[in-house]
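Beneath this line is the structure, given in structure tokens, with notes to follow.
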């Protein structure tokens, strides 16, 4: 369910990790886009969250939606797209790495267009997420932020993520995109995404 949580704890986590928090009292929609990966990941399920929050005229606006920050079963077990293994985005702040573009050439989403990201490669085809330092890679991998489908809510990740950050509910994603369009009109088509580990 779409919620409006208190941003205080999330902002404190951002600052304690040394990440930039974007703030503006003069121009609206200076978005902080923050994914939080659950400390108890459930394979092929949506048990992570994504926040969009911004400050304007002294007031913070915050939205939160269920997503997955982890790949689904199909690309973890059934079909590896990379010989080193499936991509799992590493926690960190990816400054200016994202822009609104076409996900797989089909519909507007937030796409990795302007900077590298760091991923773990998990290639053993089991149902455990292996976040091994020796398997970290940095580069351009198409780790986008998109929806599962156009038809509402889906129960499992399945084929919908090979490492992307994916919304479970298309209505939530549509709301997310409306915020991005407003931000783009005021700040330009460059976005930062931060992933935190709960």
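Values quoted throughout were computed directly from the atomic coordinates according to the rules given, and no laboratory measurement underlies them. Just so we're clear, the structure is a prediction, and the values are computed from it rather than from any experiment. Note: ideal-geometry Cβ built from the backbone for every residue, glycine included; neighbour counts use all protein chains shown.
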Rounded to whole angstrom, the alpha-carbon centroid of region 7-71 lies from that of region 152-198 at a distance of 12 Å
Taking the highest mean first, how do the peptides 41-50, 132-141 order by number of other beta carbon atoms within 10 angstrom per residue?
41-50, 132-141
Round to the nearest 0.05 the FRET efficiency obtained for residue 159 and residue 8 when R0 = 30 Å and r is the Cβ-Cβ distance.
0.20
Going by how many other Cβ atoms sit within 10 Å of their own, how do 106, 73 line up, fewest first?
106, 73
How far, in degrees from 0 to 90, does helix 170-187 lean away from the longest principal axis of the Cα atoms of the chain, to the nearest 10?
50 degrees
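Compute the Cα gyration tensor for the chain, then decide on rounded, prolate or oblate, letting a ≥ b ≥ c be the square roots of its eigenvalues: rounded whenever a/c is under 1.5, prolate when a/b is larger than b/c in the other cases, and oblate in all that remain.
Working: a/c = 1.64, a/b = 1.51, b/c = 1.09.
In terms of gyration-tensor shape, prolate.
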Which length gain, in nm to one decimal place, applies between residue 126 and residue 21 when the Cα-Cα distance is subtracted from 0.36 nm times their residue separation?
34.1 nm
Ranked highest first by average number of other Cβ atoms within 10 Å, how do 148-157, 186-195 line up?
186-195, 148-157
Ordering of 90-96, 118-124, 164-170, 32-38 by burial proxy (mean other Cβ atoms within 10 Å per residue, highest first)
164-170, 32-38, 118-124, 90-96
Hey, what number do you get for the chain at 222 nm if only DSSP H runs of n ≥ 4 count, each worth -39500 (n - 2.57), divided across all residues, to the nearest 500?
-4500 deg cm²/dmol
Placing each pseudo-label 7 Å from Cα in the direction of the beta carbon, residue 38 and residue 179 end up separated by a distance in nanometres of 2.1 nm
Return, ordered by residue number, the residues of region 6-29 whose backbone nitrogen is under 14 Å from a label point located 7 Å along Cα→Cβ of residue 187.
20-29
The chain - percent relative contact order, Cα under 8 Å, separation 6 or more:
26 percent
